[in-house]
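Undergrad: Sharing a structure here in structure tokens format.
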Amino acid sequence: MKDLSGFSMLDLFRQEAEAQIAILNAGLLELEQGAAAPAGLEALMRAAHSLKGAARIVGLDPAVKVAHALEDCFVAAQKQAIVIAPPAADILLRAVDLLGAIAAAPDDPAAAWRANGETPVAQALRGLEQVLRAAAAPDNPAPAGPDENVAPAGATPPAAAAPAGSPPAAGPPPRAPSAAPEDRTVRVAAESLSRLLEMAGEALVRTRWHAPHLGAMALLKTALAALARQMEHMAERLRQRAEIQPAECADLLRQVAEIRQQAGTIQSDFEFYAHRSSDLNERIYQELVASRMRPLADGAQGFPRMVRDLTRRLGKQVKFEIAGRDTGVDREILARLEAPLTHLLRNALDHGLETPAERQAAGKPPAGRLQLEARHHAGQLWITVADDGRGMDLEGIRRKAAARGLSAPENLARMSDEEVLDFLFLPGFSTAASVSEISGRGVGLDVVANLARELGGAARLENHPGRGSAVHLHLPITLSVLRVILVEISGAPYALPLTRVARLLHASPGDWRLLEGRRYLALEGRDVGVVDAAEVLGLPPPASRQTWPVVMLAAGADIYGLAVDRLLGECKLVVRRLDARLGKVRDINAAALLDDGTPVLIMDADDLTRSIETMLGRGGLKNSGRPAAGAAERRRKAILVADDSITVREIERRLLENRGYHVDTAVDGMEAWNSLREHPYDLLVTDVDMPRLNGIELVRNLRQDARLRELPVMVVSYKDQEEDRRRGLDAGANYYLTKSSFQDETFVRAVADLLGA
């Protein structure tokens, strides 16, 4: 069944179910805490009733039954026949979860639940019936719902047997209209909205082209005025010589005055139109940007319920707060934030906050405090997850980093607290004694840091031992508009996301320090490597000069310097994604138009910092490929190893180098893809699960590239199921091994087979 917009009735039901289930979850949590206001119970009853009606229209009888039984419970609570205490709330919340599961079932949920869902539905109905029976007495039976002829909870209501789409024989009494009119909404595809936003941004840019024309008209008006004054002088001289009649001079001057007046009128009209047009386009654009924004509350609806359930499982007491519920967040950012924020909250509950006994022993109140906050600050979206628990164990992090070989113990001892905390953002890094199903299942904070970087932002940790910790995310407010620093490189403008710019400065030749052929600048007590932007991008080298503008780019606790030709200032750009047919362009993320219509490329800060790191690691700034090598070096086979685990990378690198191979490494699929297109390799060894670009997508990219499609590929993964192996081989891999193969000669033998050695 389709509506006029092309959305199925089932899609509309799912949309309504999502909204009503959010109301049910929030209201039940309030009731459980003793906030049994009549208005809250009325909202719960309405939500259950609306769900029942919507489910009846699409023929979802199981959902009709559960929603009807929930409605009975809320009506009973309204009449004070029952009290929804924590035990009853558990039963009601499980029923709400079941409604969500029914709504989320794919394709034909009615058939799926008729075939497989009767047991969960029956269990839920028995539980709800028990809630009603607990308060029912012979002289005070459990109240029925508002429908006529309501059957006991668990029985099929008569109207449920009606054909889908038919109204019930008797419905609820009419509701009084709300005092405030309801918001009217329509469903618009996200792609359509994005295209509209791009067109509005382009229109806004084009209206700004009026400015130079207005300036030209003003100059023309000034020139006409000067010409008129000259003609007046000439007319006076001509009259004195009596070569023409005064009347002729007066007529000529009158014509000049009329032209001046017409030019002034045209300029005023055009200026008025330009200002009106610019203002209208600006308002249209801002309205479209606002349409992409959603309040944080829309994406945080499930968090209170999740925190409540986990708190009870862990035997802890927590006061959970969401600050900045109305803070606007780009809908795409909000959707992508759900998983990382869920991870942070679960991690705080499991590892950060203590049990009531532990807190009291430490002089704290038994109930811990957990807060999720969102706010706009300095043109960015700041999101913080903070708790007042035990804080992070810095010494434990140092020990784990040393055990994994990430740094020498003496170096770790000298590191600042901020540098030590950054180890937590590495893939798979965790100080937990055992893998917890509750907080991450062994997945570290790298997923949070990766998301922040992908969105053009950054993540930062804050720690107060014994008093709590916090994770701060600094993100762009919207993905459609980006605040950037404009720079000039080889005569062309480029844009760098402002969120990744740590500092701007000018350096003279005397400020450089050369170390092993690399250029460094001293910045706040540390040496920062600097490379030429033109060299990174493979553009013509810049001319020599006395001072160089340098953009300092932040990458976690690290900072890299990028020397450019000129700093052009800060501005906002309307982001335009590159055509997908171009694939991933190294060091470039998107494009935009400047106010005068000039195209500008927006640089990928992550790619850029990795390119700088690679260039610095080669020991020189003038290499466009691998360092020159002798004949013996050229005869060595070159292998690229891609894995986000530093431990696995090092094991593979050492095993292969011990066999005489030349080995380069990449920390994720995107870096590997860039390296493969820049350097020649004889073999790719890749993991599957990696940030930015996973191994399967990397292999598919390879097989679609005319130059690289014949490159042998070996997938080495922890996943050892047959379907995982088949997935890798179907993508185009030549070999699929599990990481347990490092313990014998299987790995190196497989490499030799693929290379024909």
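The rows are residues; the columns are (1) modelled with pLDDT of 85 or more; (2) at positive phi; (3) in a helix (DSSP H, G or I).
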{"site": "Leu10", "(1), (2), (3)": "no, no, yes"}
{"site": "Arg14", "(1), (2), (3)": "no, no, yes"}
{"site": "Leu24", "(1), (2), (3)": "yes, no, yes"}
{"site": "Glu30", "(1), (2), (3)": "no, no, yes"}
{"site": "Gly34", "(1), (2), (3)": "no, yes, no"}
{"site": "Leu44", "(1), (2), (3)": "yes, no, yes"}
{"site": "Ala48", "(1), (2), (3)": "yes, no, yes"}
{"site": "Gly59", "(1), (2), (3)": "no, yes, no"}
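Undergrad: Examine the range 331-341 for a residue that is more than 30 Å from Ser291 (Cβ to Cβ) and in contact (Cβ under 8 Å) with a residue 60 or more places away in the chain, and state whether such a residue exists.
TA: The initial filter retains those residues of the range 331-341 that are more than 30 Å from Ser291 (Cβ to Cβ), namely none.
No; the residues of the range 331-341 include none that is more than 30 Å from Ser291 (Cβ to Cβ) and in contact (Cβ under 8 Å) with a residue 60 or more places away in the chain.
Undergrad: Give all pairs with beta carbons closer than 9 Å in which a residue from the range 258-286 that is of a type in the set (Ser, Thr, Tyr) meets a residue that is outside any helix (DSSP H, G or I) and open to solvent by 80 Å² or more (accessible area, probe 1.4 Å); count only pairs at least 6 apart in sequence or on separate chains.
TA: Ser278/Arg208
Undergrad: Within the range 513-520, is there a residue that is in a helix (DSSP H, G or I) and of a type in the set (A, V, I, L, M, F, W, C)?
TA: Kept after step one, since they are in a helix (DSSP H, G or I), are these residues of the range 513-520: none.
The answer is no, given that none of the residues of the range 513-520 is in a helix (DSSP H, G or I) and of a type in the set (A, V, I, L, M, F, W, C).
Undergrad: Still on this structure: Can you tell me which of (1) within 20 Å of His376 (Cα to Cα); (2) out of contact with any Pro (no Cβ under 7 Å at 6 or more places or on another chain) is the one Gly328 doesn't meet?
TA: Among (1) within 20 Å of His376 (Cα to Cα); (2) out of contact with any Pro (no Cβ under 7 Å at 6 or more places or on another chain), the lone unmet condition for Gly328 is (2).
Undergrad: Of all the residues that make up the range 475-485, how many are part of a strand (DSSP E or B) and open to solvent by less than 20 Å² (accessible area, probe 1.4 Å)?
TA: Applying the first criterion (part of a strand (DSSP E or B)) to the range 475-485 yields 475-476, 481-485.
So of that shortlist, the ones also open to solvent by less than 20 Å² (accessible area, probe 1.4 Å) come out as 475-476, 484-485.
Qualifying residue count, the range 475-485: 4.
Undergrad: Against the conditions (1) closer than 17 Å to Arg94 by Cα; (2) open to solvent by 50 Å² or more (accessible area, probe 1.4 Å); (3) in contact (Cβ under 8 Å) with a residue 40 or more places away in the chain, where does Ile57 fall short? Just the number, please.
TA: Unmet for Ile57, out of (1) closer than 17 Å to Arg94 by Cα; (2) open to solvent by 50 Å² or more (accessible area, probe 1.4 Å); (3) in contact (Cβ under 8 Å) with a residue 40 or more places away in the chain: (1).
Undergrad: In the set Ala88, Ala63, which member is under 36 Å from the mean Cα position of the chain (by Cα), closer than 19 Å to Pro120 by Cα and of a type in the set (A, V, I, L, M)? Let's see the steps before the verdict.
TA: Working: Ala88 fails: under 36 Å from the mean Cα position of the chain (by Cα).
Matching residue, one of Ala88, Ala63: Ala63.
Undergrad: If I ask for residues that are within 22 Å of Leu537 (Cβ to Cβ) and either open to solvent by 40 Å² or more (accessible area, probe 1.4 Å) or free of Cβ contacts under 8 Å to residues at least 24 places away in the same chain (or both), which ones from the range 506-518 would you list?
TA: The first filter runs over the range 506-518 and keeps only residues within 22 Å of Leu537 (Cβ to Cβ), leaving 506-507, 512, 517-518.
Across the range 506-518, the qualifying residues are His506, Trp512, Gly517, Arg518.
Undergrad: Can you pull out every residue in the range 695-726 that is touching a residue at least 24 places away in the same chain (Cβ under 8 Å), within 30 Å of Phe425 (Cβ to Cβ) and out of contact with any strand residue (DSSP E or B) (no Cβ under 9 Å at 6 or more places or on another chain)?
TA: Matches in the range 695-726: Glu697, Arg700, Asn701.
Undergrad: Taking into account only those residues within the range 381-390 that are out of contact with any Gly (no Cβ under 6 Å at 6 or more places or on another chain) and open to solvent by less than 70 Å² (accessible area, probe 1.4 Å), which is farthest from Asp298 (Cα to Cα)?
TA: Ala386
Undergrad: From the list Ala374, Ala378, Ala401, which one is among the hydrophobic types (A, V, I, L, M, F, W, C), under 29 Å from the mean Cα position of the chain (by Cα), modelled with pLDDT under 90 and open to solvent by less than 20 Å² (accessible area, probe 1.4 Å)? Give the derivation first.
TA: On the way: Ala374 fails: modelled with pLDDT under 90; Ala378 fails: open to solvent by less than 20 Å² (accessible area, probe 1.4 Å).
Only one candidate passes the filter, namely Ala401.
Undergrad: Between Val564, Val551, which is within 31 Å of the chain's Cα centre (by Cα), farther than 25 Å from Leu381 by Cβ and open to solvent by less than 30 Å² (accessible area, probe 1.4 Å)? First the steps, then the outcome.
TA: Working: Val551 fails: farther than 25 Å from Leu381 by Cβ.
Matching residue, one of Val564, Val551: Val564.
Undergrad: Quickly run through the range 364-419 and pick out the residues that are of a type outside the set (Gly, Ala, Ser), assigned to a loop (DSSP other than H, G, I, E, B) and under 23 Å from Asp558 (Cα atoms).
TA: As a first pass, look at the range 364-419 and keep what is of a type outside the set (Gly, Ala, Ser): 364-366, 369-373, 375-377, 380-385, 387-388, 390, 392-395, 397-400, 404, 406, 409-412, 414-415, 417-419.
So of that shortlist, the ones also assigned to a loop (DSSP other than H, G, I, E, B) come out as 364-366, 388, 390, 392-393, 404, 406, 415.
Met392, Asp393, Arg404, Leu406, Met415, listed by residue number.
The values are calculated or read from the model by the stated rules, or taken from the named source; none is laboratory data. Being a predicted model, the structure only gives us computed values, none of them experimental. Cβ atoms come from the backbone with ideal geometry, glycine included; neighbour counts cover every protein chain shown. Remember, those area values only see protein heavy atoms, side chains included, never the ligands or the DNA or RNA. Shrake-Rupley method; radii C 1.70, N 1.55, O 1.52, S 1.80 Å.
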